[in-house]
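The values are calculated or read from the model by the stated rules, or taken from the named source; none is laboratory data. Not measured: the values here are computed from a predicted model. Glycine gets a Cβ as well: all are built from the backbone with ideal geometry, and neighbour counts include every protein chain shown.
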Amino acid sequence: MTWEESAITLTVLLPLLGAVAVALVPKRNEDYAKTLALLISIGGFALSLAILVGYDWGARGLQYQLNVGWIEAAGINYHVAIDGISLPLFVLSYLLTMLCAIYSFHHIEEPGRPRAFLSLMLLLQTGMAGCFIAFDLVLFFVFWELVLVPMYFMIGIWGGPNRQYAAIKFFLYTLLGSVFMLVAFLAIYFTAPERTFDIVALQQFGAAGEFAAGFQRWAFLGIFLGLAIKVPMWPFHTWLPDAHTEAPTVGSVLLAGILLKMGTYGFVRIALPVLPDAAVEYAPLIGILAVIAIIYGALCCLAQSDLKRLIAFSSVGHMGFVMLGIATLTPIGINAAIFGMVAHGVITGMLFFLSGTIKDRYHTRTIAELGGGMLKTTPRLGFLLGLTAIASLGLPGLAGFWGEILALLAAFNPAPELVEAGWLTLFRVLMVFGAIGTVLTAGYFLWMMQRVLMGEPPQRWVDAKPQDVGSIEWGAWAPLVVLTVALGPLPFLITAVTDADVNAIMTAFGG
Amino acid sequence: MEAVYPLTFAALLFSIGAYGLLSRRNAVLVLMSLELMLAAVTINLVTFGAIAGDGLLTGQVFALFVMAIGAAEIGVGIAIILLIYRNRASVNIDDADLMRY
Amino acid sequence: MTVPDVMMLFVTVLGGTAALLVVTSRNVVHSALYLVVALLAVAGAFLTLGAEFVAWAQVLVYVGAVVVLLLFGLMLTRAPIGPMAQGNELGRALPLAVSIALFAVLVTLIFQSFSGTTISLTHVSPAALGEVLYVAFALPFMALGLLLTLALIGAVVIARREEGEGPLPEPDEEPSDAAALREPTPSDVSTVPGRPAPSGEREVSA
Amino acid sequence: MSGAAWLVPVLPAASALVIMALGRKMPGGGAEIGILSLVVSFLLAVGVAIEVFGANVGATTAGEGTAFVHTAAFQLAPIGEGAAIDAGIRVDGLTAMMFLLVTFVSLMVHIYSLGYMHGEERFTWYYAVLSLFTAAMLLLSIADNLMLLLIGWELVGVCSFLLIGFWWESKHNSDAAIKAFLTTKSGDVGLMVGVVALFGQFRTFNIADIFAMVDEGVQAGGAPLSEGLLSFALIALILGVVGKSAQFPLHTWLPDAMAGPTPVSALIHAATMVTAGVFLVARLYPLYSATPAAQATLAVIGAITLLAAGLLALVQEDIKKVLAYSTVSQLGYMVAALGFSYTAGIFHLFTHGFFKALLFLGAGSIIHAAHSNNMRDMGGLAKVMPRTFGTFLVGTLALMAVPPLAGFWSKDEILVEAAAAGGYTGSLVLVLGAIGGLITVFYMTRLLYLVFAGEFRGHGHPHESPPSMTVPLLALAVPSALIGLANLPVAAFQPYAFSAWTMHSLEYWQTHPIEFNLPVAAVAVALAAAGFVAGRALYRSQPLDADDPMRKLGPATRVLEERYFLDHLWTDLITRYIVRDTAGPVAVAVNDRFIDRIVYWVGAGTGRFGQRLYDIFDQKGIDGALHAVATGTWWTTARVRLAQSGNVQLYAGAMLAGVVVLAVVFAAG
């Protein structure tokens, strides 16, 4: 087993073993759990960096590939690999978990119990990372479900006032989706000319047109439901604000940072390449739902009184742009989607960290109660919130811009097959609405900044003199701030990695 | 002899036993109807043994087995009924509805 | 109509009426006795079919042991000797329908598949049966013995009364927990299904 | 020198970062870094200008060769299908001109702000954002591809948001900042759509490649150029111009943007940011000259804006609002000019940049002295503030297009080009332009007299501003006076003139010569004179006392005026009745009650709509449906549960019934 083959498995298993180790830390010195979890997450991040460094950027196709039989009888094998599309998200998940480990040195919500919390977090990390490297439908599904359990407990135990409701809603809703997805996977397994769950093989069948159009329509619908609930796309989004409002800060960061991306990644990895004809049929629908999400998310943000719920709804809007990029079925669109995923992960992760700290300092997240003037009471916290909010509204020169503008670019002329099907004008109308969406996004973010950051601070906070950003928080946030500012002027950090593989996958649509 | 006769007799016994099983209020009487059904089964066994007419007399051997098991079952049944009686002081089927939701 | 046919007809009629009486008689002890008649009719049937040993075994096991056991059961559970009130009407409609339907189905099936097949009423001597029993079916036979002893021990364990138990509750006064058992029906949808634990020493899990 | 042109935008950006990092610890609060970097940038800009202008003049005098263009680019990121985003610079006449204008004005504002912003709590932050703004503006002017231009454009927008909302303690200022950003951002939707459409059509962002393709009349992949798509893209870009350069109807944010510090208004809302829209059209002029539909739109929008804004300026009491509306009006001139001629538009942009910055800084010094924006509390400042008065007068005369000064040559040129172009839009612009000229002179005269003539009406006693404020005024007064001569419409001088400097192609320069048109000039000057006389008449003898009759027309004051000036019936009839008493208030009424309300309604309306959408549709609608599923399942389970009645016999009976049914089925089956 050379390093080449075992690298990913090692990186994915480390957090799992870490979770067990953290859980076994004796009750007496519970704080050792925090340092142990931190060491493990740093180790995981270091391994993922090693993979990043060892990755051949220009090359196309799978690297670090390991394909070992798992359940031969059913044709399921442990096929893990990494390519341009999954590498950014894979490394981002390790980064965010490390930052969460740092952040949770002082910030574990009230039932405390760091051992349980941190082991759940590391378990979550295994699920997330595994999802991006799985190249076998069943393995993908296992990691997909594995993620739900720790997140359910995180929200259910360490959450806000009505956490039970939110946790159950999140769990059941996503589970419902994944049931349809599983049925679709099995359907694909049985109708594939040669019975296999291997994604690469299925992609070749898909490209060769082995699946009948009628079948593809139903299989795509199943997968679409599973993924759309996770993304979340427009009508299936109602679990997200509840989950975020109740989730602990670390839970929200990982939920928004990575879990949402598993849905969109699923589209790019499984739905589009394996069922290309159905992808062309569903693309307009996905496009329309995406633009509705953009406009709808922005409008709902205008109505929010809770800062964290506002950020949650903004995620719905941003994921709308990502899905618009995917709906165009063009390499530019998919590049835009992946860039949007990573940028959203970085920015919204930071926003949730900030809202957690605001809750910690001001004991409230209701914008009216915050009363404004945060730039006076806690200037550094205010400045960071301002910077991240402006990055989130898509200011060019910061990370949020490229995801949106490239999606609009792709939407202007979608894939040739979509044009032949006569959807050209529809996608151009969608593009215009997307552009209008950016104004609405700017609107609610600026309005939020005005009510929270600007104006005279209420006397209550001036007397309370909340403590400004501490060293632990700086440690947790510095990488995110650097990434937000760096990804603006240097988008090649991500597009250079994803470009080769995206062009390869998108050839199926005449891209 | 026509095979149909004993079989009809068995069917008759079985149905009457079933009726008794369902309608009787007293647990012991339910057991009695159960006995009837068991008896019907043994008739069937013997009849089918006779139809097959094989050397191994499986029909009759199994009839014996069924009888033995029937006896054991009735023994345990009565023991359970006694236990219920001791807890509920009544053997009326309707009272023993602990399984009600 | 040969002699065995007549014999079988007679036994069927006898057995049928006896069974009916077992099931419908008011008096508990009467139904026990009718049970004896029914089982004897069954033994008669065996005789006509030539299974002599099985017939006598039937008489010995069922009529001798089982019915007596049932009588003991009746006695121990203080079943009312006299005629007791019959259950409600609804309690009889469903069983009646089911049993009649059952009988009809069985009979049609029997006539469909077995009409015309005749059976040879050769007399099977107990010796032949014994020989088969102890050679081909030796193992099952021993297993049966084991089963019977286990059943015996089980029955004893269940029916034995622990030392600490109080006196046998009188049948007429309502035991304290019985009332508790008749709690309101599950009207409150949201609580987890299951009964509130009754008072008294037994813990009834949901 | 042009090779080092990329340094010009980078220096202020670097200085912004340095100021943010360690400005607070610097003795001058970071201002000296800002000023130093701008001085270097300015010198670099002058160097670049000399090289570029020299090359262009060489081409024009020799009569052959091409306009100077130096481009250098490197790939920033691949975005799929071979397309890529690259960062590159494009140095040509237009860039050199913008460099000169932006760096010079910004330098003046930097120096000026030393005095004006002295003692401000966030002094360092002010200089950091000012440098960042200058850097963004310079990036905008040097970008060689549409994407980089869009980035510069939006960065300029955010910096203006930060600067307008500099004193964000009061809600009024942050409201104004948000209004400015959102109005320009909604304009930017058009810009984004335009840029995306152009990329869609030509599969490249590079401006030079697009020009080449348009010349060959070909689209991406060799397909024939579709006029419709190109004009759609260009008109979409115009929407961006309307937003950013505060053209009608998206002009309402500019007067509110006066909530920011005055040097900011001078820099952003006079010289640089608002001209970004005009610059964009100038940058893509070969495309615009190829699509008449786009040019016509430009002319019409420009004409409407210049007149509407002029009227609004008439009745303002806040000195900065008057100048703000005047800026909107002058921008209208530039946009209208670009409908016909490249040089006229950008020359007016160039000259306007200088004298409008001068006027704003002058106004700042006046406000600084009188401690109020309202002209009611001013008056008689000429005596007290000679240097401010002198420079302000130069700026005003330039704005009024009084012959020797800059305004005359640039504004007159526009009218000449409009007359030369003729046709429907040409005559529209000519007529409205002339009237606009009159109105401009009228409100500037009104301003002059209200501020400088008569006694000081305010409280306290004003005094001349410190040298750090008056020196920039003097420095700006020089170009305001002399820069007009750079483009003398004399045929012999033209090859060496401004038009040659900034030409974008030799053929265009040769086919569109700058001539002097006496009749048009004469009419313009006459109208200006009339405006001045009327204004002087109305405000010289009777400067605005406490209750200026501007809005309520007390019978007494009008009777007085009539007796004195019977012979000026014509000027009174046109200027006073039509212009001051009806058109002005009507314009204000329309503007404040109609257009501004729409903008407010759109903002607040979306807020309320968002609220209703969220409460009713999202929470009750979609979430409700979800809950319905949940309660539905509970309801059904409650029903099914009843079947478990606990009666053992019932179960047995059900089972037997099942057996019977199965038997029947199988028997029958």
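Show me the helices (runs of 4 or more DSSP H) entirely contained within chain B in which 3 or more residues are touching a strand residue (DSSP E or B) at 6+ places or on another chain (Cβ under 9 Å).
Per the criteria, B:27-52, B:58-88.
Is there a residue being within 14 Å of chain D (Cβ to nearest Cβ), under 22 Å from residue D:645 (Cβ atoms) and either surrounded by fewer than 19 Cβ atoms within 10 Å (Cβ to Cβ) or at pLDDT below 90 (or both) anywhere in the stretch B:1-19? Let's see the steps before the verdict.
To start, the set of residues in the stretch B:1-19 that are within 14 Å of chain D (Cβ to nearest Cβ) comprises B:11, B:14-19.
When the remaining residues are screened for being under 22 Å from residue D:645 (Cβ atoms), the result is B:18-19.
When the remaining residues are screened for being either surrounded by fewer than 19 Cβ atoms within 10 Å (Cβ to Cβ) or at pLDDT below 90 (or both), the result is none.
Within the stretch B:1-19, not a single residue is within 14 Å of chain D (Cβ to nearest Cβ), under 22 Å from residue D:645 (Cβ atoms) and either surrounded by fewer than 19 Cβ atoms within 10 Å (Cβ to Cβ) or at pLDDT below 90 (or both).
At the interface with chain D (Cβ under 7 Å from one of its Cβ atoms), within 22 Å of the chain's Cα centre (by Cα) and over 23 Å from residue D:132 (Cα atoms), is that true of residue A:406? Give the steps one after another, and end with the answer.
Working: at the interface with chain D (Cβ under 7 Å from one of its Cβ atoms): yes; within 22 Å of the chain's Cα centre (by Cα): yes; over 23 Å from residue D:132 (Cα atoms): yes.
Taking the combined requirement at face value, the residue satisfies it.
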Open item on the list: Just to be sure I understand, how many residues within the stretch C:28-66 are more than 8 Å from every other protein chain (Cβ to nearest Cβ) and of a type in the set (A, V, I, L, M)?
Closed with: 12
Open item on the list: So residue B:94 ticks every box in (1) in contact (Cβ under 8 Å) with a residue 12 or more places away in the chain; (2) within 17 Å of the chain's Cα centre (by Cα) but one. Which box is left unticked?
Closed with: (2)
Open item on the list: I'd like to know if the stretch D:85-103 contains one or more residues that are without any contact (Cβ under 8 Å) to a residue 24 or more places away in the chain and within 14 Å of chain A (Cβ to nearest Cβ).
Closed with: no
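For the condition in a helix (DSSP H, G or I), at pLDDT below 90 and hydrophobic (A, V, I, L, M, F, W, C), what is the one hit in C:23, C:36, C:42, C:13? Break it down stepwise before answering.
Working: C:36 fails: at pLDDT below 90; C:42 fails: at pLDDT below 90; C:13 fails: at pLDDT below 90.
Result: C:23 is the single residue among C:23, C:36, C:42, C:13 that is in a helix (DSSP H, G or I), at pLDDT below 90 and hydrophobic (A, V, I, L, M, F, W, C).
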Task: Unmet requirement for residue B:54, which otherwise passes all of (1) within 14 Å of chain D (Cβ to nearest Cβ); (2) over 26 Å from residue C:20 (Cα atoms) - done: (1)
Task: Criterion violated by residue C:137 - all others in (1) surrounded by 15 or more Cβ atoms within 10 Å (Cβ to Cβ); (2) facing chain B (nearest Cβ under 7 Å); (3) farther than 21 Å from residue B:44 by Cα; (4) modelled with pLDDT under 90 satisfied - done: (3)
Open item on the list: Would you confirm whether or not the stretch D:61-76 contains a residue that is surrounded by 19 or more Cβ atoms within 10 Å (Cβ to Cβ), part of a strand (DSSP E or B) and touching a Pro at 6+ places or on another chain (Cβ under 7 Å)?
Closed with: yes
Task: the stretch A:389-410 residues that are β-branched (Val, Ile, Thr) and surrounded by fewer than 24 Cβ atoms within 10 Å (Cβ to Cβ), paired with ones that are outside any loop (DSSP other than H, G, I, E, B) and at pLDDT 90 or above (beta carbon under 7 Å, 6 or more apart) - done: A:390/D:158
Open item on the list: Let me spell it out: the conditions are (1) modelled with pLDDT of 85 or more; (2) in contact with a Phe, Trp or Tyr (Cβ under 8 Å, 6 or more places away or on another chain), and residue D:381 meets all of them except one. Which number is the exception?
Closed with: (1)
Task: Criterion violated by residue D:52 - all others in (1) at pLDDT 85 or above; (2) β-branched (Val, Ile, Thr); (3) closer than 30 Å to residue A:409 by Cα satisfied - done: (3)
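Among the residues in the stretch A:25-38, are any under 25 Å from residue A:346 (Cβ atoms) and surrounded by fewer than 22 Cβ atoms within 10 Å (Cβ to Cβ)? Explain how you work it out, then say what you get.
Pass one, the stretch A:25-38, residues under 25 Å from residue A:346 (Cβ atoms): A:34, A:37-38.
Retained after the next criterion (residues that are surrounded by fewer than 22 Cβ atoms within 10 Å (Cβ to Cβ)): A:34, A:38.
Yes: the stretch A:25-38 contains one or more residues that are under 25 Å from residue A:346 (Cβ atoms) and surrounded by fewer than 22 Cβ atoms within 10 Å (Cβ to Cβ).
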Open item on the list: Give me the helices (runs of 4 or more DSSP H) completely within the stretch A:234-327, filtered to those with at least 2 residues that are farther than 24 Å from residue A:134 by Cα and over 15 Å from the mean Cα position of the chain (by Cα), ordered by residue number.
Closed with: A:239-246, A:276-302, A:307-327
Task: Output for the stretch D:349-379, where each listed residue is surrounded by 24 or more Cβ atoms within 10 Å (Cβ to Cβ) and either free of Cβ contacts under 8 Å to residues at least 40 places away in the same chain or part of a loop (DSSP other than H, G, I, E, B) (or both) - done: D:378
Task: Of all residues in the stretch D:604-617 being crowded, with 18+ Cβ neighbours inside 10 Å and closer than 20 Å to residue D:178 by Cα, the one that is farthest from the other protein chains (Cβ to nearest Cβ) - done: D:606
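State all residues of the stretch C:11-27 that are surrounded by fewer than 22 Cβ atoms within 10 Å (Cβ to Cβ), at the interface with chain B (Cβ under 7 Å from one of its Cβ atoms) and β-branched (Val, Ile, Thr); if no residue qualifies, say none. Show your work before the answer.
Of the residues in the stretch C:11-27, the ones surrounded by fewer than 22 Cβ atoms within 10 Å (Cβ to Cβ) are C:12-14, C:16-17, C:20-21, C:24-27.
Those still in the list that are at the interface with chain B (Cβ under 7 Å from one of its Cβ atoms) too: C:12, C:16, C:20.
Once the filter is applied, which keeps residues that are surrounded by fewer than 22 Cβ atoms within 10 Å (Cβ to Cβ), at the interface with chain B (Cβ under 7 Å from one of its Cβ atoms) and β-branched (Val, Ile, Thr), the stretch C:11-27 yields only C:12.
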TODO: Inspect the stretch D:406-428 for any residue being crowded, with 24+ Cβ neighbours inside 10 Å and on the phi > 0 side of the Ramachandran plot and give the result as yes or no.
DONE: no
